[in-house]
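What follows is a set of notes on a single structure, which appears directly below.
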Amino acid sequence: MNKVGGIAYAIVAVLALMLFIDSYENPFYYFYDHSSSSTGMFAFGLAATAFATIGPIAFSLYCWRLANRVRLRWAVHLLFLPCACAMFFASAWVLESASAQPPWADDHAIELLGVAFLLLAFTLLVHAGAMIFEIVAAIRRPRGNPS
């Protein structure tokens with residue numbers, strides 16, 4: 001993926017933020033008021049939200065660079081799928097531990113992870129499509145003469 005792919009990810013991120021922009025500021029205030037013990041937990045939860053939002057995109061761009069360097073490109077895209085999901089769920093777990101109540105029990109906490117989930121879904125679709133494309137290309141690629 002080249003600079004055009006990075007720009008496409010930026011556009012999708014801005015569109016996802018615009019989708020949640022009306023309700024994205026209030027959850028941070030609510031989370032600040034209801035963080036489990038101190039403002040340190042608020043910073044911890046804010047870092048988890050940022051990691052869940054920006055992490056899959058940054059990891060995706062890294063995987064695209066890596067895929068251009070290796071022979072089995074489809075394997076890089078295949079490994080991206082569970083790793084990106086693990087990043088998202090780890091961030092949700094950190095947000096849960098920083099919150100006084102579970103994120104899924106509160107609409108405000110769910111709004112914090114809404115943009116992150118949209119961006120995760122987008123990157124998963126991109127890499128699943130790239131993996132399918134690379135597998136089909138590898139199957140159709142002519143083999144060298146084995147003799």
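Observations
- Residues satisfying the stated conditions in the range 44-53, i.e. within 15 Å of PHE20 (Cβ to Cβ) and free of Cβ contacts under 8 Å to residues at least 40 places away in the same chain: ALA50
- Residue in the range 122-144 that is at pLDDT below 80 and either closer than 22 Å to ALA13 by Cα or not charged (D, E, K, R) (or both) present: yes
- Of all residues in the range 119-128, those that are of a type in the set (Gly, Ala, Ser) and either open to solvent by 40 Å² or more (accessible area, probe 1.4 Å) or in contact with a helix residue (DSSP H, G or I) (Cβ under 9 Å, 6 or more places away or on another chain) (or both) total 1.
- Considering each residue of the range 23-40 in turn, at least one proves to be modelled with pLDDT under 80, surrounded by 12 or more Cβ atoms within 10 Å (Cβ to Cβ) and among the hydrophobic types (A, V, I, L, M, F, W, C).
The values are calculated or read from the model by the stated rules, or taken from the named source; none is laboratory data. Just so we're clear, the structure is a prediction, and the values are computed from it rather than from any experiment. Reconstructed Cβ throughout: ideal geometry from the backbone, glycine too, with neighbour counts over all protein chains shown. Areas reflect the complete protein model, heavy atoms only, side chains present, ligands, DNA and RNA absent. Shrake-Rupley method; radii C 1.70, N 1.55, O 1.52, S 1.80 Å.
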